[in-house]
Each structure stands twice: as C-alpha cells, then as structure tokens.
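The values are calculated or read from the model by the stated rules, or taken from the named source; none is laboratory data. In this text, all values refer to a predicted model and were calculated from it rather than measured experimentally. As a convention, Cβ positions derive from the backbone with ideal geometry for all residues, glycine included, and neighbour counts pool all protein chains shown.
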Amino acid sequence: MRIDYKLNDKFDVGLIFSSILLLCIGLLAIYSSTLHNPHANGNFHKQVIWGIGAIIGFFIIYTLPTNIFKAIAIPSYLFSIFLLIVVLLIGKRVYGAKSWLGLEGIGFQPSEFAKLGTILALSYFLSNSNTDLDSFKDILISLIIGLFPVGLIMIEPDLGTSFVFLGMVLILLYWKGISTFGLFVVLSPGIVAISSLFGPYYLAGSLVAVTICLFLFRKDIFSSGSIFALNIAAGFFTKYVYEILSQHQQTRIKSFINPWADPLGAGYNAIQAKVAVGSGGLFGKGFLSGNQTQLQFIPEQWTDFIFCVIGEEFGFIGTSIVLALFFYLLLRIFKIATTTKDEFLSLTIIGILSVYFIHLLINIGMVVGIMPVIGIPLPFMSYGGSSLVLDFLMLSVVANVHRTRKNYT
C-alpha cells in the first residue's frame, strides 16, 4: 500500500491509464474500419507505431524539469509560427487545405504543434505580474498572441483547427480572470457571426440578445454603442468572410445547416454517421460486424468519424464507456490545474484541457449532427500521427506538473 501511494503521489496512474485505454479502443476501431479497405489496410500498423512513439515521448518529457516549459514558451511559439509560414509556401495540399509538411517520407501538420506553442506563449504572457485584463491593451495583446496563428491557419485554409484556437484563447482568458463584460465583448461578435449563417431571423435574434446584455451591463453609451456596432459589423460581414473560404468548407457549412439539402453529396457523411451510431443499439452489432463500417458507407471513418465505428459495433454501452473515460481524463487534468499554485502552469494545463474538450465536443457533435463537419479528430482515438503525438505530448506536460506539484504550492 505504501508503494502504491508513493507511485500515485509522483505519477497519476489514472491519467495515463485512461489515455492508453482510449488509444487501445481507437486502435480496435481503426483496425475494424480499415480491414476491408485496400487503400488503408496499413493504417492500423502505422497508428500502432505512432502510439508507441508517442508513449515513449510521454515518458521522456515527464522526466524533464518542470521549469523548462516556461523557458521554451516563447521559442516554441515563434518556431510554430515559422512552421505555419513554411507550410503555406511549400506545404502539401490535402482535402483542399495546404496544411501538411513532409520530412523524409513522414508527413505532419504544423498547426497541431502550434496549439501547444500558443498555449505556452499565451500562458506566459497572462501569468506576467504586470498583465491586467481590465486593460484594453493587455486584452488586445492576448488576442494577438492567440489569434495570429489562426490567421495563418485560415489561409491554408483549415476552419476546424481555427475553431480550436478560438475556443482555447477564450477559455484561457476566462481562467485568467477576465471580467464577464470583457468575455462578452470578445465572444459576442463570434456568436452573432455564426447566427447570421442561419438566416436574417437568427441574426436579428442574436442582435436583440446583445442589446439586452448591454442594457444589463449598464455601461456608458459610447462603450455600448461601439460594442453594438462591432456586433452588427460581425453579422453583416460574415458573408464576405464566408466567400473567401474554400469551396469544400462552404459546402460543409451548408451541409451543417441543412444536411438533407444534398444527402448524396455534402450532407452524406453527417447523415450516414447518425445512421451508424443509431443502428448500434444498446450493445452494438459486434466487433468487425458493423454494416456501415465494413461496407465503407462513411468515407475514411478511421479519421474524424471514428466514433461512428464505436457506436455501431459496440453500441450505447461502448460509446458510454468512451465518454466516461474522456470525462474522467478531463476531470483529472482539471484537478491538477486547480492544485498547482504556479499561475503559468495552471494556465498551461487549462489550455491543454481546453484543446481536449473542444476536440471532444466538436467531434462528437459532428457525428450526432449538432456540429458542422469541419475535420476535427477525436483525441487519442482518430487515425493520425500528428494529432496522436500532440495528444500525448500535452498529456506529458500535465503529468510532469503533477509530479512536481509540491514544489509549486
């Protein structure tokens, strides 16, 4: 018992156990979904290799001194910006997005690693004793740090990853202690912009909601008027931003608004995903026995639609187990973020938590039809080396902080 206590004191067993279990379930789903696909039957073995490498990397970073994360915060951010610029110049275009770099036959997405670089840099700035989020200047600097990579990623264009960055920045600002009014100022234009995609009535409704909120905040007429004007601009200029998106991204947004408008084209994946999950029932059809999975009704479901395989072959019980593992993992990370007294480390862990949470929310939302299909992988489970390595890389930072937490209390 004493040995077990000491082990858990230095090493959060639940943290790594839940993530490896998710990885194993994901490998089963990848194996099932690629078994009868001659173009992807090597993906399972590749994912196993990536998984082993990611776990090895986890234990290497776990043993490093914790203060190294603060030391590399700015260099890692600048390097990730450099890679995002390089990929725009010489990157490989995949599914309409120029987001991949190749290195001796190995492809990776710089935008994945830019997530951690941005988390570290923004946490470094926000944890500075001189940073004050009641100051417009400091809010603006925070937004520049967090959203500059978004601008580069939108040029690729990669709408899904951009959403992850936006959510991550908002959560970090909230954790730092931005006022409710400040969060409203940052968040409301985005909500109005999204509402405008659904039509003029939704746009009008969102602007009415903004007006009510401004009245409740009781700010001066100049501030309230400026914020309302900003929201109007966000709503009416959304269509111009929409027009600069690539054709396949416009199609995905249309299919989210009404997937049945093109059931054999843009809305096909969303419709078939719901059919797959719904057909699994309580216990599922059994491993390697899912019709949607084995007959390849959903293209490349081993990537963003891996949850469909779980739903069809393992049913409600299987999906519940997966969601329980994710929520347990997120709660463990949140607990570590709240126990460390070092603000930089706490912000860093919350940033990591936000990436996992946003990926989980959007990916599951895509599958059940309440989120647009924007190409977001499911952490630890979807096929892809870049995302899997990043998942364990971020987890190793969390585990490292847990190991040394008594040094920062």
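Here are the numbers for this structure:
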quantity: Unmet criterion (only one of (1) loosely packed, with under 14 Cβ neighbours inside 10 Å; (2) modelled with pLDDT under 85; (3) polar (S, T, N, Q)) for Ser196; calculated: (1)
quantity: Selection status of Phe58, part of a helix (DSSP H, G or I), crowded, with 18+ Cβ neighbours inside 10 Å and not aliphatic (A, V, I, L, M); calculated: yes
quantity: Some residue of region 312-320 being farther than 30 Å from Gly278 by Cβ, touching a residue at least 24 places away in the same chain (Cβ under 8 Å) and charged (D, E, K, R); calculated: no
quantity: Region 195-231: number of residues that are in contact (Cβ under 8 Å) with a residue 40 or more places away in the chain, among the hydrophobic types (A, V, I, L, M, F, W, C) and in a helix (DSSP H, G or I); calculated: 2
quantity: Failed criterion for Leu173 (all others in (1) at pLDDT below 85; (2) in a helix (DSSP H, G or I) hold); calculated: (1)
quantity: Complete set of residues in region 176-188 that are part of a helix (DSSP H, G or I) and at pLDDT below 85; calculated: Thr180, Phe181, Gly182, Leu183, Val185, Val186, Leu187
quantity: Close pairs (6 angstrom Cβ cut-off, 6 or more residues apart or separate chains): among the small types (Gly, Ala, Ser) in region 20-44, in a helix (DSSP H, G or I) anywhere; calculated: Ala29/Ile306; Ala29/Val309; Ala29/Ile310; Ser32/Thr293; Ser32/Val309; Ser33/Thr293; Ser33/Val309; Ala40/Thr34
quantity: Sole residue being of a type in the set (A, V, I, L, M) and closer than 27 Å to Leu78 by Cα, chosen from Leu197, Leu140, Leu203; calculated: Leu140
quantity: Ser123 being in contact with an Asp or Glu (Cβ under 9 Å, 6 or more places away or on another chain) and either surrounded by 19 or more Cβ atoms within 10 Å (Cβ to Cβ) or modelled with pLDDT of 80 or more (or both); calculated: yes
quantity: Which listed residue, of Ser382, Ser386, is in contact with a Phe, Trp or Tyr (Cβ under 8 Å, 6 or more places away or on another chain), surrounded by fewer than 21 Cβ atoms within 10 Å (Cβ to Cβ) and farther than 19 Å from Gly14 by Cβ; calculated: Ser386
quantity: From Val277, Val355, Val322, residue being over 19 Å from the mean Cα position of the chain (by Cα) and among the β-branched types (Val, Ile, Thr); calculated: Val277
quantity: Residue in region 342-350 that is over 21 Å from Cys24 (Cβ atoms) and not in a helix (DSSP H, G or I) present; calculated: yes
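Rundown of residues vs (1) within 21 Å of Pro377 (Cβ to Cβ); (2) in contact (Cβ under 8 Å) with a residue 12 or more places away in the chain; (3) surrounded by fewer than 20 Cβ atoms within 10 Å (Cβ to Cβ); (4) not aliphatic (A, V, I, L, M), yes/no style:
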position: Leu147; (1), (2), (3), (4): no, yes, yes, no
position: Gly151; (1), (2), (3), (4): no, no, yes, yes
position: Pro157; (1), (2), (3), (4): yes, yes, yes, yes
position: Phe165; (1), (2), (3), (4): yes, yes, no, yes
position: Met168; (1), (2), (3), (4): yes, yes, no, no
position: Leu173; (1), (2), (3), (4): no, yes, no, no
position: Ile178; (1), (2), (3), (4): no, yes, no, no
position: Phe184; (1), (2), (3), (4): no, yes, yes, yes
position: Ser188; (1), (2), (3), (4): no, yes, no, yes
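Here is a yes/no grid of residues against (1) among the basic types (Lys, Arg); (2) within 30 Å of Pro38 (Cα to Cα); (3) in a helix (DSSP H, G or I); (4) modelled with pLDDT under 95:
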{"residue": "Ile298", "(1), (2), (3), (4)": "no, yes, no, yes"}
{"residue": "Gly318", "(1), (2), (3), (4)": "no, yes, yes, yes"}
{"residue": "Lys335", "(1), (2), (3), (4)": "yes, no, yes, yes"}
{"residue": "Ile364", "(1), (2), (3), (4)": "no, yes, yes, yes"}
{"residue": "Pro372", "(1), (2), (3), (4)": "no, yes, no, yes"}
{"residue": "Ser387", "(1), (2), (3), (4)": "no, yes, yes, yes"}
